[in-house]
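The values are calculated or read from the model by the stated rules, or taken from the named source; none is laboratory data. Treat the numbers as computed from the prediction; the structure is a model and nothing was measured. Here the Cβ is made from the backbone with ideal geometry for all residues, glycine too, and neighbour counts use every protein chain on show. Quick note on the areas: whole protein, heavy atoms, side chains included, nothing else; ligands and nucleic acids left out. Shrake-Rupley method; radii C 1.70, N 1.55, O 1.52, S 1.80 Å.
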Amino acid sequence: MIFHQKKMIFFIISILAVSLSVISGNSYFALLVSGLLIILTFLNRETGLLLLLLYFPLRPFLIEMNPGLKITGDLIILALLIWTVYYNRNNIRSLFQFELFEIALFAFCIIGVISALITGVELISIISQIRAYILLYLVYYTVKRMPITDEFIFKSILLTFITAVIISLHGFVEKISDKTFLLPEAWINRTLSATNHVRVYGLLKGPNELALYLLIAFILSLFLLTRFSGWKKWSVFAGLSIIGTTFFLTYSRGAFLSLIIFFIIYLLLFRNIKKLIPVAAIIISSTVLFFAVTTIAESVQETMNSNNTTGYKRYTEAFSKDTGEKSGTDGRIYYVTKAIEVFKSHPIIGTGFGTFGGAAAFAYSSPIYEKFNINSRIYSDNQYILTLAETGIIGVLALSIFVLSILFIIIKAFKQSKDQLSIILIFFFTTMLVGGLVYNILENDTFMLYYFLVLGLTFQRFNKAKNH
């Protein structure tokens, strides 16, 4: 009991310290706080993991308020990695035992680095892209090699649920206030198109990123309905309805597409309609709440003579002729065309990390943009064309092995037990494949954090079954 209380105290201290750094805005104080979080992570690894689940969904907001918090998540993961190496110091061989998908990921990164060096990409840009692909993998590496309790899993889901509800309620405020209240000054003053202005960006600073996080939180939090009863169960129901409402308010077509395909696969594999009755009730209540929030927002904005362009057109016009023409000139179709052009000139190993529409190229530009007449501020929003352009045929093959290897892991878990873990694995795999069409999904910190965490827990289950 005392041990559990200590873990809770560590976690509360961490939250208070981060909150103080946000209020102060002092970068040096933020670095001091990061040092404190490293110490607390060394004292208790589960606390470090819980902090990551809280940090990454809030990271854009936190670093906007205090830039010194930018590397806090990286430092916590580094602390977890150091602890893992120390914990396994008497079994060094276990530190170098990798699954096929890990080897494929390493190969993919090596290809991207080699081709980037040949192209002449700046070293800082290459390091930035490697960080985007490898940092959250280290969470899997750590979790696979550390003892995880059922209590920690429950706490992780509960923390995700509470965080998602808070972020969703903040989304209500953003929508009704027309992005003028409880947001950093820089976010209030940013210029958005009429189509994007109606979308809720949230504390993740992007509607697509917010939608993906809320979708993860919604799926995971459904587990809580089976754990609680009475008023607690109704509280979870209300929270899920709030999460669902803000998910609708993002108007994220990519996230909706992922959800629909996952739903179809779920029906084909599990064929359990009864379990979907509570979900249907939540969706109905979310829909009602969605129309209530949008109605209030439009009323307030009309009073303020503000921009009240409706967001419904994002769904109804998703495949319209006008949308297709815009996409062909400066949207996703344009990016696909340019990616194929780059690929044709470097078909074997591509042009390398940091050269086309990825996080690094967006931050540091690219040496090939002038040659191919590409806008320096593009973001590909498509993992497939990004991989094709930057790593060529060999990179695509490496990433294909990565995906297929994970598929075999999911099949193994599904055969072992058709339970919540199997459902969650299928959800993440489906979202990764479908989301890759409209997101640079491997660069999405929040998504990959949860995915690698779940994969780590999956291998823990495999090991327990093997030992039994």
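Worth pointing out:
- Derived from the Cα gyration tensor, the three semi-axes of the equivalent ellipsoid of segment 182-302 are 29, 17, 13 Å, largest first.
- Were the residues from Ile393 through Lys464 laid out at 0.36 nm apart, the gain over their Cα-Cα distance would be 21.7 nm.
- Kirkwood Rh (inverse of mean 1/r, distinct Cα pairs), segment 170-221, angstrom: 11.6 Å
- Neighbour cut-off at most 10 other Cβ (10 Å), DSSP loop, chymotrypsin sites (Phe, Trp or Tyr not before Pro), segment 212-271: none
- Given Lys6/Lys179; Lys144/Lys415; Lys155/Lys418; Lys175/Lys274; Lys70/Lys155, the pairs whose alpha carbons are separated by over 31 Å: Lys6/Lys179; Lys175/Lys274
- Convex hull volume per residue, computed on the Cα atoms of segment 364-468, equals 116 Å³.
- Descending principal axes extents, the chain, alpha-carbon based, whole Å: 64, 61, 54
- Value of relative contact order over the chain, rounded to a whole percent, pairs C-alpha under 8 Å and six or more apart: 21 percent
- Sites Lys415 and Ile277, calculated FRET efficiency, Cβ-Cβ separation with R0 25 Å, nearest 0.05: 0.40
- Shape analysis of segment 328-375 yields a ratio of the Cα radius of gyration to the Kirkwood radius, Rg/Rh, of 0.94.
- Rg and Dmax, both from the Cα atoms of segment 99-238 and both in Å, are 20.3, 63.
- Between Thr295 and Ile124, the modelled label-to-label distance comes to 5.3 nm, taking each label 7 Å out from Cα in the direction of the beta carbon.
- Exposure check, 1.4 Å probe, all protein chains in place: Met146 carries approximately 10 Å² of accessible surface.
- Hydrodynamic radius (Kirkwood) for segment 58-142, which is based on Cα pairs only, to one decimal in Å: 15.0 Å
- Net lengthening on full extension, Leu117/Lys344 (0.36 nm per residue, minus Cα-Cα): 79.8 nm
- In a fully extended conformation the segment linking Ser405 and Ile12 would gain 137.6 nm over its present Cα-Cα distance, using 0.36 nm per residue.
- Using the alpha carbons alone, the radius of gyration of segment 1-125 stands to its Kirkwood radius in an Rg to Rh ratio of 1.07.
- Taking the Kirkwood radius as Rh and the Cα radius of gyration as Rg, segment 423-467 has a ratio of Rg/Rh equal to 1.08.
- With a cut-off of 13 Å between beta carbons, the residues surrounding Leu386 carry a summed charge of -1, where Lys and Arg count +1 and Asp and Glu -1.
- Estimated from the Cβ-Cβ distance and a Förster radius of 51 angstrom, the FRET efficiency linking Ala238 and Phe96 is about 0.60.
- Estimated FRET transfer efficiency (Lys371, Ile284; beta-carbon r; R0 41 Å; 0.05): 0.15
- Of the solvent-accessible surface of segment 71-124, computed with a 1.4 Å probe over protein heavy atoms with every protein chain present, carbon and sulfur atoms account for 69 percent.
- The Cβ shell under 10 Å around Gly73 holds other residues with a net charge of 0, Lys and Arg each +1, Asp and Glu each -1.
- Sorting the segments 425-434, 70-79 by their mean number of nearby beta carbons within 10 angstrom, highest to lowest, gives 425-434, 70-79.
- Within the straight-line cut-off of under 17 Å between alpha carbons, the aspartates and glutamates reachable from Lys205 are Glu64, Glu174, Asp178, Glu185, Asp381, Glu443, Asp445, sequence neighbours fewer than 8 places apart in one chain being disregarded.
- Heavy atoms of the protein chains alone define the surface here; on that basis the chain has 47 Å² accessible area per residue at 1.4 Å probe size.
- If you take all other residues with their beta carbon under 14 Å from the beta carbon of Lys7, and give Lys and Arg +1 and Asp and Glu -1, the sum is +1.
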